[in-house]
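For reference, the structure discussed in these notes is given below.
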Amino acid sequence: MQHLSSLVLAVFCSFFTTGLYSQSTVQISGQFEDVRSEPIILGYYYGTKQYIKDTAQVDAKGKFIFTYPELLEKGIYLFYFPGKENRYVEFLITDDQQFSVKGKLADFTKTVTFSGSTDNTLFYNRLKKVESFRKTEEKWLAVKTRHEVNGNSDSLKTADAAMKQNSDAYSVYTKEFYSTNSNTFLGKLLRFSDRPEVPEELTKTEKFYYYKKHIFDNLDWSFEGVIRSPQYQGLLTEYIDQLTVQDPDSIIAGCDIILQKTRVNDELFKFTLIELVNKYAKSSTVCFDAIYVHLIENYYLKGRAFWLNGPDEESKTQLKKLKENAERLKPVLCGSYAYNFTLADEKGKKHELQKIAGERTILVFWASDCHKCEAFMKELAKITDLCEKKGVAIVSVDNGTDGKLWREKLVKYPVKNMFALTSSSSEELSTLIDQYDLYSTPVAYFLDKDKKIMYKKIDVDQIKDIVERLPDVTN
């Protein structure tokens with residue numbers, strides 16, 4: 001799919017000719033009063049992103065046509081004009097896919113008329129009504145602002161009363177609209193951007209939980225048009241990012257809830273799962289890789305990602321890669337026991353990780369020939385007194401490729417009371433790389449008293465913040 005955001009394409013290679021294929025299943029024609037002899041692009045939404053479907057040419061009279069032998073997938077589409085200041089206008093593709101449109105691009109909502117599409121007529125009639133409420137709101141808000149400056153209390157009361165009246169009228173209109181059009185394409189679509197009204201008598205906490213409990217009310221999850229609109233992705237983002245506690249367990253539960261709801265709609269389920277997997281594959285938030293692993297193990301690897309269940313090599317390759325990613329991350333998920341190694345220090349003495357005492361442990365993997373690692377160790381040295389005060393042990397593991405350089409760097413960047421260990425063989429190093437996901441350095445883990453991973457891949461500033469919140473150890 002080609003993004004509309006990349007529509008600064010200089011040349012369009014082919015255009016549909018006006019009047020062709022008049023017997024096609026899909027025929028969308030129109031005329032713009034203020035567009036002449038230039039390209040028009042038919043685009044569509046997929047989530048919040050916009051993509052190109054096709055291009056055509058507006059003729060010298062402002063006319064154009066798009067035709068197709070097969071029905072288009074339903075959703076919000078748009079006409080896009082690369083050379084215009086008002087670049088695009090939106091419309092609906094529903095069951096009626098033979099219709100025409102007329103209007104002025106510069107003032108489309110006010111001037112547009114549709115022939116053969118009751119859904120689009122309803123769509124724009126509603127937009128006009130909503131616009132009238134918005135203008136009334138802006139008018140009285142300006143009055144209120146002006147009289148707040150000059151202190152005219154009577155005028156302020158008048159403005160407040162007018163704004164409330166306008167708000168109440170909008171609420172009545174909205175309820176009537178849904179009551180009359182609940183089964184229409186537009187009615188079902190708008191439900192995904194509608195939000196619950198929260199009773200004023202509730203406390204702040206009660207309001208939050210009421211809102212979250214009712215946010216999915218009145219939604220038709222089987223509605224096929226919502227995936228090609230921005231409405232659903234806005235709902236998904238709000239539920240996961242704003243209404244769900246931002247810790248891995250809570251987010252995992254939230255993901256499962258919404259994925260269960262979308263199971264009645266294959267395309268919506270596919271869209272949701274892919275969005276969530278991509279979101280948490282890219283997340284830099286500490287410990288959020290647990291969400292990614294959960295989604296891979298419980299959906300992709302259990303055959304629920306139906307689009308990858310085929311025998312083709314591409315599907316097999318994608319599943320294999322996802323499985324490998326999950327397996328790589330699983331040993332170092334927050335809450336897991338850190339892999340217990342036994343390594344030697346600079347004097348050859350062996351130390352087992354599990355037997356190193358400490359209320360907490362900072363575990364650092366570094367390389368003595370790595371400039372970023374040197375900077376990390378230099379900063380870590382500055383908080384060693386704080387770590388000692390809090391009972392935090394420091395364990396560093398060098399990659400063992402140059403023992404002489406390692407010892408020189410330990411002297412150059414001394415970290416007080418640190419267990420400075422090194423891998424002594426390629427086999428040990430390979431095991432550490434696999435068990436601790438060490439594909440770059442430095443990498444730091446923060447372990448609890450039992451050597452379970454609390455935080456991972458954190459910098460020295462984050463380590464300092466964590467340690468400062470710990471209680472002092474008592475002798």
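If a residue must be basic (Lys, Arg) and buried (at least 20 other Cβ atoms within 10 Å of the Cβ), how many such residues does the stretch 382-410 contain?
1
Could we say that TYR280 is loosely packed, with under 14 Cβ neighbours inside 10 Å, in a helix (DSSP H, G or I) and of a type in the set (Phe, Trp, Tyr) here?
Answer is no for this residue.
I'd like to know if the stretch 365-374 contains one or more residues that are surrounded by fewer than 19 Cβ atoms within 10 Å (Cβ to Cβ), of a type in the set (Asp, Glu) and more than 17 Å from TYR337 (Cα to Cα).
Within the stretch 365-374, one or more residues are surrounded by fewer than 19 Cβ atoms within 10 Å (Cβ to Cβ), of a type in the set (Asp, Glu) and more than 17 Å from TYR337 (Cα to Cα).
Which of the numbered conditions does PRO414 fail, given that it passes all the others? Conditions: (1) within 18 Å of LEU353 (Cα to Cα); (2) at pLDDT below 95.
Failed condition: (1).
Residue under question is ILE466, and the condition is that it be farther than 12 Å from PHE365 by Cα, crowded, with 19+ Cβ neighbours inside 10 Å and not polar (S, T, N, Q); does it hold?
Spelling it out, it is not the case that ILE466 is farther than 12 Å from PHE365 by Cα, crowded, with 19+ Cβ neighbours inside 10 Å and not polar (S, T, N, Q).
So, in the stretch 318-345, how many residues would count as being open to solvent by 80 Å² or more (accessible area, probe 1.4 Å) and touching a Lys or Arg at 6+ places or on another chain (Cβ under 8 Å)?
The qualifying residues number 1.
Can you tell me which residues in the stretch 85-128 are under 32 Å from the mean Cα position of the chain (by Cα), farther than 20 Å from TYR44 by Cα and touching a residue at least 40 places away in the same chain (Cβ under 8 Å)?
ARG126
I want to confirm something. Restricting to the stretch 200-222 and keeping residues that are open to solvent by 60 Å² or more (accessible area, probe 1.4 Å) and assigned to a loop (DSSP other than H, G, I, E, B), which single residue is nearest to ARG263 (Cα to Cα)?
SER222
Say we look at the stretch 106-122 and pick out the residues that are hydroxyl-bearing (Ser, Thr, Tyr) and not in a strand (DSSP E or B); which of these is farthest from GLU33 (Cα to Cα)?
Step by step, filter the stretch 106-122, then rank; the result is THR118.
Restricting attention to the stretch 283-317, which residues are outside any helix (DSSP H, G or I), open to solvent by less than 10 Å² (accessible area, probe 1.4 Å) and either of a type in the set (S, T, N, Q) or touching a residue at least 40 places away in the same chain (Cβ under 8 Å) (or both)?
Correct list: empty.
Which numbered condition in (1) open to solvent by less than 40 Å² (accessible area, probe 1.4 Å); (2) at pLDDT 95 or above; (3) in a loop (DSSP other than H, G, I, E, B) is the only one that GLU73 fails?
Against the list (1) open to solvent by less than 40 Å² (accessible area, probe 1.4 Å); (2) at pLDDT 95 or above; (3) in a loop (DSSP other than H, G, I, E, B), GLU73 comes up short only on (1).
At pLDDT 95 or above, open to solvent by 40 Å² or more (accessible area, probe 1.4 Å) and either farther than 13 Å from SER29 by Cα or in contact with a Phe, Trp or Tyr (Cβ under 6 Å, 6 or more places away or on another chain) (or both): is that true of THR113 in this structure?
In short, no.
Could you tell me which of the residues LEU259, LEU273, LEU268 is modelled with pLDDT of 95 or more, aliphatic (A, V, I, L, M) and more than 30 Å from LYS457 (Cα to Cα)?
Testing whether each residue is modelled with pLDDT of 95 or more, aliphatic (A, V, I, L, M) and more than 30 Å from LYS457 (Cα to Cα) leaves just LEU268.
So which of ASN166, ASN181 is in contact with a Gly (Cβ under 6 Å, 6 or more places away or on another chain) and either open to solvent by 60 Å² or more (accessible area, probe 1.4 Å) or not small (Gly, Ala, Ser) (or both)?
Being in contact with a Gly (Cβ under 6 Å, 6 or more places away or on another chain) and either open to solvent by 60 Å² or more (accessible area, probe 1.4 Å) or not small (Gly, Ala, Ser) (or both) holds for just one of ASN166, ASN181, which is ASN181.
Looking at GLY225, is it in a helix (DSSP H, G or I), crowded, with 17+ Cβ neighbours inside 10 Å and among the small types (Gly, Ala, Ser)?
Judged against the criteria, GLY225 is a match.
When THR244 is evaluated against the numbered criteria (1) open to solvent by 30 Å² or more (accessible area, probe 1.4 Å); (2) within 29 Å of GLN231 (Cβ to Cβ); (3) part of a loop (DSSP other than H, G, I, E, B), which criterion, by number, is the only one it fails?
(1)
The values are calculated or read from the model by the stated rules, or taken from the named source; none is laboratory data. This one's a predicted model, so the numbers in the text were calculated from it and none came from an experiment. Because the Cβ atoms are built from the backbone with ideal geometry, glycine has one as well, and the counts that use them run over all protein chains shown. Areas reflect the complete protein model, heavy atoms only, side chains present, ligands, DNA and RNA absent. Shrake-Rupley method; radii C 1.70, N 1.55, O 1.52, S 1.80 Å.
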